[in-house]
1. Given the criterion hydrophobic (A, V, I, L, M, F, W, C) and open to solvent by less than 40 Å² (accessible area, probe 1.4 Å), identify the matching residue among Phe207, Phe168, Phe193.
2. Out of the residues in the stretch 112-129 that are assigned to a loop (DSSP other than H, G, I, E, B) and among the polar types (S, T, N, Q), state the one that is most open to solvent (accessible area, probe 1.4 Å).
3. Taking Ser132, is it outside any loop (DSSP other than H, G, I, E, B) and out of contact with any Asp or Glu (no Cβ under 8 Å at 6 or more places or on another chain)?
4. Output yes when any residue across the stretch 45-52 is surrounded by 14 or more Cβ atoms within 10 Å (Cβ to Cβ), touching a Ser or Thr at 6+ places or on another chain (Cβ under 8 Å) and on the phi > 0 side of the Ramachandran plot, and no when none is.
5. How many residues does the stretch 42-80 contain that are at pLDDT 95 or above, acidic (Asp, Glu) and touching a Phe, Trp or Tyr at 6+ places or on another chain (Cβ under 9 Å)?
6. Is it true that His174 is open to solvent by less than 70 Å² (accessible area, probe 1.4 Å), touching a strand residue (DSSP E or B) at 6+ places or on another chain (Cβ under 8 Å) and either at pLDDT 95 or above or closer than 30 Å to Asn85 by Cβ (or both)?
Amino acid sequence: MSFTRLPILPTELYEFEYPEHLVEDALNIIVTHKITDGYNRWKGKPEYGESSPGRKSLHNNPYFEHHTKFIEECLEEVTRDLEYNNNINLKISLFWANRSRQGQWHHAHRHPWSLLSGIIYLQGNSGRTWFSRKNPYDLSEQFPTYYESERENIIHKHTPTPGKMIIFPSDLVHSVDNNMEDQDRITLSFNTFPTKTVGEKSNLSGFDLEIH
């Protein structure tokens, strides 16, 4: 008996063209200033690759001032399209660089303390970003089995394209598969948080917040 699957309630990614001069600028800065070299956030797990340290967030780095400005302009477009309340003014709260050498990958994770997150693909066409969410039809938690099914999660494998930036909900689980190329996979990533006046003070349900 035949049937048709009807996909509903999709998760959308926002994709932007990242200006070519900013791509070249970022790569030059990361390489020249060794932004990621020697920084492994997950000690003992070199396969996870390297990232610049959070305590030196790039949105406070004058070399990345033009990047921060462009990203926050894109965030305005996204929040406008999502029809967020006018008081949701998103700013970058953390901004970092990532490098995956050949054979390196990154584990599945979310970004806590953030509303929207983003990835800017600078170099490399390997090392896909896997986005996943629980399959509502999966019964493995209610009725445990001794085997794993590839359909436990709904997975989208996003191929990196240098010069593209994607923005997505920070609680969306994502990971990076193996970099199969000789060339390093280099990206920028960021988290965001509301700033200035949040909520509605007139309704006694708001406050002022500043991101540093």
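1. On the way: Phe207 fails: open to solvent by less than 40 Å² (accessible area, probe 1.4 Å); Phe193 fails: open to solvent by less than 40 Å² (accessible area, probe 1.4 Å).
From the options Phe207, Phe168, Phe193, the qualifying one is Phe168.
2. Per the criteria, the residue is Asn125.
3. Working: outside any loop (DSSP other than H, G, I, E, B): yes; out of contact with any Asp or Glu (no Cβ under 8 Å at 6 or more places or on another chain): yes.
Criteria met by Ser132.
4. Yes; the residues of the stretch 45-52 include at least one that is surrounded by 14 or more Cβ atoms within 10 Å (Cβ to Cβ), touching a Ser or Thr at 6+ places or on another chain (Cβ under 8 Å) and on the phi > 0 side of the Ramachandran plot.
5. The qualifying residues number 1.
6. yes
Here is a yes/no grid of residues against (1) of a type in the set (Ser, Thr, Tyr); (2) closer than 22 Å to Glu12 by Cβ; (3) modelled with pLDDT of 90 or more:
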{"residue": "Leu82", "(1), (2), (3)": "no, yes, yes"}
{"residue": "Ala97", "(1), (2), (3)": "no, no, yes"}
{"residue": "Trp105", "(1), (2), (3)": "no, no, yes"}
{"residue": "Ser114", "(1), (2), (3)": "yes, yes, yes"}
{"residue": "Glu150", "(1), (2), (3)": "no, no, no"}
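The values are calculated or read from the model by the stated rules, or taken from the named source; none is laboratory data. Quick caveat: nothing in here was measured; it's all calculated off a predicted structure. Counting neighbours? That spans all protein chains shown, and the Cβs are built from the backbone with ideal geometry, glycine included. Only protein heavy atoms, including side chains, enter the accessible area calculation; ligands, DNA and RNA are left aside. Shrake-Rupley method; radii C 1.70, N 1.55, O 1.52, S 1.80 Å.
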